[in-house]
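Rule-based calculations on the coordinates, nothing more; no lab input. As the structure is a computational prediction, the values presented were derived from the model and not from experiment. Note that we place each Cβ from the backbone using ideal geometry, even for glycine, and neighbour counts take in every protein chain shown.
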Amino acid sequence: MIFKSFLLIFVIFSVCLITSGYVAHTRQGTIRGAKKVTSDGHMYTYLGIPFARPPLGRLRFQPPQPVVKWKDTRDTITQKPQCVQSRSTYVRTDKIEGSEDCLYLNVYTPMDPSKRTDQVYPVMVWIHGGGFFEGDNGYDLYPPENFVTQNIIVVTVSYRLGIFGFISTGDLIAPGNNGLRDQIMALKWVNENIESFGGDKNSITIWGESSGGISVSHLLSSPLTKGLFHKAITESGASISAVGVGIDQPLLAFATGSLLNINTTNSEELITHLQKVNFKELQAAASRAGIAITVEQPLIRYPFTVVIEPEHENAVLSKSPYAILENGEVPKVPILMGFNSNEGDGLPDAFARMALTASNLAPATLVPVGLNLNTPNDTNTANLVGALIKEHYFPRDTTNFAEPHFVHWYGDTHMIRPIIQQGLLLSKFTDVYFFEFNCIGYLGNPLRSNWNGVGHAEELNYLFKRLTQPTVLSAEDKLCSERVVKLWGNFVKYSNPTPENDPLLQEIIWPKTAPTPNMCYLHVDKNLSIRINPDKEDFQFWTNIFETYGKRPLTTF
């Protein structure tokens, strides 16, 4: 009898240990997280919180659906699988990773949600990059300690990629942009639930890099995001870049079907059949179709990406992004945005190199799609403009191109030029803090061989403490990291990256930019400095090209 009583007490005690802990109550149900000790203290982590129903079966290719509520406490202590993606150029099913059941987010908070206080914290919602075809929101890639230790809550979001998130048939059967709808659903979840983690739902910053930065730019322009955020940070991404909006998406969708022996011209029939295909076979076929189109048009777009949808009630984007920005149809929220000094180094460029080599640097291949010249009636003008571009970027090359020249042209065309233009357009209607990141060090790229500038995505290593980083940092790298983390953190907390003079930031006050007479920006280097007119010579070259030869309406810049 005594033994049974002791056993009963032990069981009850054990259950209490299991069910106690770092519990948070969301509108969908109760979850349990974990406490993580960091080099600078500790934080409370909640990994793999569902924000939408798994998009399986008939929900494949559909907008995200609300989560079904659960009754028991749900453990959120392990990372969920990444969304389906391929990490091999030569796509085989055994090289495909991830799961369709991937609509989860992670929450990192400085407070124990089971011990609520009156204090509330600003929130950063991170949207990862990866060209809309790869990437994830996991802790290994994006450990948020640098911001949590500043008393900021960080939420990292997963969203459907490739054909699963961005298929479009060009009509209302599959209008496209479900990957962006996933991001919007996650933002709605944050607004509904972040107070349970100590978050201030009236101080939410959306933040992304590369295609994540492009996503943030589109979220700024979408009528579906009204009231869901209050600030935005976009790094190395613009909605008006050539890779920001796709073309020929229906062609890509039906080409994928053909590779799977689904030969139809009917959108509903195509989608119905594709919903039944094994996800690995579908991903492999979509990748092959994407590669085929990219080979034909390598300097224009990503294969599966954001599209301009037919007008309908739930459209994320139904107008040209350029027209939206030009008309000021964006929320009047503070924006921190910019680029790295050598963006062309690190961008996917294999097909662009192939195209330039195959064409012997034919001038027409250098003309950006946003000029609206790529039609049969504009052949002469396209060749003329292309010759001007070739002379500007490849002055000593005839049939071949030197590496620095290619990187310069590629980075300007795909990133720097449209980012500056987007900053100028936005600054007419809201507060914009513009930057150029130029901290050249081994922290940005541990295998660095190029010291001419900072390549695409290198700034992320200064913002996140990744395990792949060098264990010993140079004094310059360490200081640059501390500064950029402080600037970003200040912006999230105060809507201003330099609300007061700070010795760490060299007492600099970062001015808002403006379209005239000069565009002010912060040059982030081993020393901070305020400068005017980023990438001045090249940007002026492109401004003259667009003003002289561009045809309205511009879809990109």
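Numbers below:
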| read-out | value |
| --- | --- |
| Nonlocal amide H pairs with K465, under 5 Å, H built at 1.01 Å | E145, N146 |
| Share, in percent, of DSSP beta bridges within the chain that are antiparallel, nearest 5 | 40 percent |
| Percent RCO, i.e. relative contact order, over segment 139-262, from Cα pairs under 8 Å lying at least 6 residues apart | 22 percent |
| Dipole in debye (nearest 20) - segment 94-196, about Cα centre, beta carbon charges: Lys, Arg +1; Asp, Glu -1 | 280 debye |
| Highest average packing first - 48-54, 174-180, Cβ atoms within 10 Å | 174-180, 48-54 |
| Difference of contour (0.36 nm per residue) and Cα-Cα distance, R27 to K536 | 178.2 nm |
| Taking the chain and dividing mean pair separation by its residue count, relative contact order in percent (alpha carbons under 8 Å, at least six apart) | 13 percent |
| Calculated FRET value between R53 and L473, using beta carbons and R₀ = 56 Å, to 0.05 | 0.80 |
| For S99, distant residues with modelled amide H under 5 Å away | Q82, C83, V84 |
| Pairwise label distance in nanometres, K512 with V68, each label 7 Å out on the Cα-Cβ vector | 4.9 nm |
| Relative contact order computed over segment 254-323 (Cα-Cα under 8 Å; 6+ residues apart), in percent | 21 percent |
| Residue among I532, P517, H414 farthest towards the positive dipole end of segment 402-557, charges placed on Cβ | H414 |
| Charge dipole (debye, nearest 20) of segment 143-223; +1 at Cβ of Lys and Arg, -1 at Cβ of Asp and Glu | 160 debye |
| Built amide H within the under 5 Å cut-off of I77, gap 5+ | L47 |
| Linear extension gain, T265 paired with S114, 0.36 nm per residue minus alpha-carbon span | 48.9 nm |
| Order by protection proxy (mean Cβ within 10 Å, highest first), peptides 506-513, 429-436 | 429-436, 506-513 |
| Model label zone, K95; criterion: amide N under 19 Å from point 7 Å along Cα-to-beta-carbon; scope segment 304-318 | 304 |
| Dipole magnitude of the chain about its Cα centre (Cβ charges: Lys, Arg +1; Asp, Glu -1), debye to nearest 20 | 1500 debye |
| Under 16 Å from K226, Cα to Cα: lysines that are on another chain or at least 8 residues apart | K188, K201, K332 |
| Volume of the Cα convex hull of the chain, divided per residue and given in Å³ | 172 Å³ |
